[in-house]
Each structure stands twice: as structure tokens, then as C-alpha cells.
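Data block below; observations after.
The values are calculated or read from the model by the stated rules, or taken from the named source; none is laboratory data. Quick caveat, the model's predicted, so the values are computed rather than measured. For neighbour counting, all protein chains shown are included, and Cβ atoms are generated from backbone atoms with ideal geometry for every residue, glycine included. To get the accessible areas, we keep the full protein, side chains included, count just its heavy atoms, and leave off ligands, DNA and RNA. Shrake-Rupley method; radii C 1.70, N 1.55, O 1.52, S 1.80 Å.
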Amino acid sequence: MSALGGSTVVGVVGAGAMGSGIAQVALSRGHEVVLADALPGATDRARAALEKGLRRDAEKGRMTSGDADAALGRLRLVAPDEGVAPFASCGLVIEAIVERLDVKQATFRTIEEVVGDDCVLASNTSSLSIASLGAACRRPERVLGVHFFNPAPVLPLVEIVAGVRTDPAVVASARALVDGWGKATVLAADTPGFIVNRVARPFYGEALRMLEEGVADVATIDWAMKTVGGFRMGPFELMDFIGHDVNYLVTESVWTAMYFDPRYRPSLTQKRLLEAGWLGRKAGRGFYDYATGATAPEPHRDETLGTVIFRRTLAMLVNEAADALHLRVASAADLELAMTKGVNYPKGLLAWGNEIGLGKLLEHLEALQFETGEDRYRPSPLLRRMVRNDDRFAV
Ligand code: NAI
């Protein structure tokens, strides 16, 4: 176990879905963990959840039950009225509280008052800029993004994000630490959605668009993406699973932060679902009906139509990955790793683009752009250049 800031104690602020998962990861890698939450009872619920997770790991042989007990013994819960003093001994503090800039900035400011100068401050934010979080701190060079995926103990990907003022040495040591936890880390630029939440947008957006255009129904689009595309879940099933409140808001936040680039424009169909309270699985109803006894709609198992659907989404996904590479959001290798480890895509998008043929994908995008007259389908300059040079992505 490597140390940060001269201490191996990890602080986690926010004991919700992400904070408890992150605490579990750090505990199972041998750290002492200080876990706090502003809401009375939240840390007790988190303890129960991570205890369940650690016991399950022990049952599955991923650790001994003695190790699970020892991990729980290293957990220190902080009550809301204790303040931040218990974080004084931390070498790293990861914040996983509510996604609001002012609240996160205030939290970092308070924590900075008690921790040592070498303590690294990390945010698990999905959509806020690391630059803006760092700017609130006395020492912005120690602030970075360490973005886990849900559930944190299960999903291997972690995006590491440096803000304008982050010290590269802090990025390197935080990355080494998280790598040591057995996670797959990738470096992402401090841009909206980082890698995964940006590059994955067309998976949902193009499916919604095809539904709106009447290309096919929900069940057929899901069937096509799974059977022809090889994705584990169809886009509508996945949106229902994530919840339309969460999924729609991520899209809206990326779109807004990208100065309303039409490529990321949210769907009214999804917004109406959200407004109607059909939030997906958790509400019992989303695109599908989850009531007991409800019959699942049958897809039209038409290979030709399925291929049209899959190719259109893939063209948009590869274009998005190419543009992220073009704008240096991440390296080609990290883009591939992010989409296969973070969202379980069957192949890296750049490699997939090579396989299908970049020329074919470009033609497809140009045809969509011509037919719709929309900037949404504009090909990335990198894709154009590669086709012109008869090049392939180096992956
Ligand atoms: P959550 O709502 O499950 O948990 C947030 C916790 O923070 C709550 O227990 C709340 O009481 C506590 N909290 C709020 N303000 C606080 C404060 N000022 N001080 C201390 N505790 C406070 O939320 P979740 O899903 O765990 O998300 C946390 C962060 O992680 C957010 O920034 C979110 O964008 C990010 N994230 C969420 C993912 C997800 O799939 N849920 C995935 C990756 C990142």
C-alpha cells in the first residue's frame, strides 16, 4: 500500500452510494478509513452496506473472513456534530457528497483547515470542474478528480482528473495509489463528462433520436444493440436501469457545459418520461413496464433493420471517441480502457472504428448530416483527416 501525504489514512466525506463504496474499496486494501456524512444515520447505513459487501467478498473467497473483520475494524465513523477534526490524520480525503459546486467548495475549505499541507483532496464529482473546486482551496495544487463508477467496489474504472492548478506529482501519486487498489485508472482532461460520460452520450442519444423518428420501437432498438452490436444491455433498458432523472441530468449537464453543442442535446421524449415520474426500474415504469405480470414487448427481429440501427449509433460513438482524442480529452489507450472497463462495451470504440472501416463511418455521418442538415452529425476533424490519409487509429 503506497502512502499519500505521509499518511495511509483515507478520509471519505459523504456516505451515500458512492462514498460507502469508495470506503469499502480503501478498507479492503488495508487503509484506515474515516467516513463522515452530514445526515444523521447515514454513516450507520453505509457501515451496514459495506459490511454486507465485505462479508460477500469473504464468502466468495476474495478475502478471508478475518480480513473482512479487520477491514471493518479500521473504519471510523464520524457523527455530524463531530465536525472535521477526525480528518486531521488523513493523507487523502475523497469527497462524494451532493453534486453542488458551492457545497463541495465549502466542504473542501473546511477540511483544508484541519489536514496537513501534504494531504491530497480528491472529488468524485461527475460533472463539476476540478478547476472550480481547486480554486476554493488554499492549496489548489493538491486538488484533483478521482471519479469512481457505481458500484465502486465492483466496477474497475477510475478516471483521474487534473485541474488547471493541480500539481502533476499529486496526479501521479494519486493514480499510483488507486492503481494499487486494483483499479484501472485513466487520465481524463478537466472537460465536461470527462471520458465516459461524454463518449457514451450517443449510446442513449441516438437511440432516443431513432425512436423519435420512428426508425424502430424501443424493444427493437434494444434487441439490435444487443444482438447485432453485442452490447450487454440495450440503451432503453440501460436508461431505465440508471434512472431517467440521473441519465437525463447527465446529458443536460454535458450539453449545457459544452455551450449547447447539438451533438449532446437532450431528448424531449426522455424529459417527458422524467416529468411524468416514469423514472425507470426504481419507479416500476420507464420505457418498459416493470409491474409483476407485465408482458415485455416483442422486438422485430429483422437483421437488416438491426444493422441500420447499430451502425448509426456506432458511427456516432466512434465519432465522439475520435473527437475526444482530437481534443486531447484522453489518450487512445485510455479511451479504449474507459469504455470497456467503465461501461462494459464489447470493444474499444477506436478499434471498432478501424474494424468497420473509418471511411464507411465517415460516409454514414456525412449522409446523416446532409439528410438532417444538423450539426449534431458533423464528423470530427480527426476522422476526416484519418480517412484522407488512409490511416487507422493506433490501438
Ligand atoms: P448520494 O445521494 O447517494 O450520497 C451523498 C451523501 O452525501 C448523502 O448521504 C448526503 O447526506 C451526504 N452529504 C450531502 N452534503 C453533505 C455535506 N455537506 N457534508 C457531508 N455529507 C454530505 O449520492 P451519490 O450517488 O453517492 O453521489 C455522490 C457524488 O458522487 C456526487 O458528486 C455524484 O455526482 C458522484 N457520482 C455518482 C455516481 C452514481 O452513479 N451515483 C457515479 C460517479 C460519481
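May I ask you to order 80-86, 121-127, 290-296 by the average number of other C-beta atoms within 10 Å around their residues, highest value first?
With the highest mean Cβ count within 10 Å placed first, the list reads 121-127, 80-86, 290-296.
Treat every Asp and Glu Cβ in the stretch 186-293 as -1 and every Lys and Arg Cβ as +1, leave all other atoms uncharged, and give the resulting dipole magnitude about the Cα centre to the nearest 20 debye.
The dipole of the stretch 186-293 has a size of about 140 debye.
I'd like to know which of Gly214, Gly342, Cys137 lies farthest towards the positive end of the charge dipole of the chain, counting +1 on Cβ of Lys and Arg and -1 on Cβ of Asp and Glu.
Projecting each Cα onto the dipole axis, the largest value belongs to Gly342.
Could you work out the relative contact order of the chain, using alpha carbon pairs under 8 angstrom and six or more residues apart, expressed as a whole percent?
Value for the chain: 13 percent.
Taking the Cα centre of each part, how many Å lie between the stretch 324-387 and the stretch 1-69?
Cα centroid to Cα centroid, the span is 38 Å.
Would you work out which of Val84, Trp352, Leu128 lies farthest towards the positive end of the dipole of the chain? Charges go on Cβ: Lys and Arg +1, Asp and Glu -1.
So the residue we want is Trp352.
If you restrict to DSSP beta bridges whose two residues both lie in the chain, what percentage is antiparallel, to the nearest 5?
The answer is about 25 percent antiparallel.
If you place +1 on the Cβ of every Lys and Arg, -1 on the Cβ of every Asp and Glu, and leave all else neutral, what size is the dipole of the stretch 198-388 about its Cα centre, to the nearest 20 Debye?
Dipole of the stretch 198-388, to the nearest 20 debye: 520 debye.
Using only the Cα atoms of the chain, what do you get for the radius of gyration and for Dmax, in Å?
22.0, 64
Excluding same-chain residues fewer than 8 positions from Lys360, which aspartates and glutamates have a Cα within less than 20 Å of its Cα?
Counting by Cα, and skipping residues close in sequence, Lys360 has these aspartates and glutamates nearby: Glu206, Glu303, Glu320, Asp323, Glu371, Glu374, Asp375, Asp390, Asp391.
Picking from Phe260, Phe87, Phe194, which is most flexible by a Gaussian network model of the chain using Cα springs under 10 Å?
Judging by the Gaussian network model, the answer is Phe260.
Could you check which residue among Val250, Val228, Val161 shows the biggest mean-square fluctuation in a GNM of the chain with a 10 Å Cα cutoff?
Among Val250, Val228, Val161, the largest GNM mean-square fluctuation belongs to Val228.
Out of Val228, Phe370, Trp255, whose Cα points farthest toward the positive end of the dipole of the stretch 198-388 (charges: +1 Lys, Arg; -1 Asp, Glu; placed on Cβ)?
Trp255
Given a cut-off of 30 Å, what percent of all Cα-Cα pairs of the stretch 198-388 lie beyond it?
When every Cα pair of the stretch 198-388 is considered, 16 percent fall beyond 30 Å.
Enter the accessible area per residue of the chain (Å², integer; probe 1.4 Å; all protein chains in place).
43
Among the listed pairs Lys104/Lys271; Lys183/Lys341; Lys271/Lys341; Lys226/Lys347, which are separated by more than 21 Å between their Cα atoms?
Pairs exceeding the cut-off: Lys104/Lys271; Lys271/Lys341.
Could you give the distance between the Cα centres of the stretch 184-222 and the stretch 255-309, to the whole Å?
Between the Cα centres of the stretch 184-222 and the stretch 255-309 lies a distance of 11 Å.
What value, in deg cm²/dmol to 500, does the helix sum -39500 (n - 2.57) over DSSP H runs of n ≥ 4 give at 222 nm once divided by the residues of the chain?
Estimated from H runs of four or more residues: -14000 deg cm²/dmol.
Of the heavy-atom accessible surface of the chain (probe 1.4 angstrom), what whole percent is carbon and sulfur?
53
List the relative contact order of the stretch 198-388 as a percent without decimals, with contacts defined as Cα pairs under 8 Å and 6+ residues apart.
Normalised by residue count, the contact order of the stretch 198-388 is 24 percent.
For the stretch 46-144, what is the relative contact order in percent, using Cα pairs closer than 8 Å and at least 6 residues apart in sequence?
Dividing the mean separation by the residue count of the stretch 46-144 yields 23 percent.
If the convex hull of the alpha-carbon atoms of the stretch 10-188 is projected onto planes in all directions, what is the mean projected area in square nanometres?
Its Cα hull, projected and averaged over all orientations, spans 8.9 nm².
Given the protein chains as shown and a 1.4 Å probe, how many square angstrom of Phe148 are accessible, to the nearest 10?
For Phe148, solvent-accessible area is about 10 Å².
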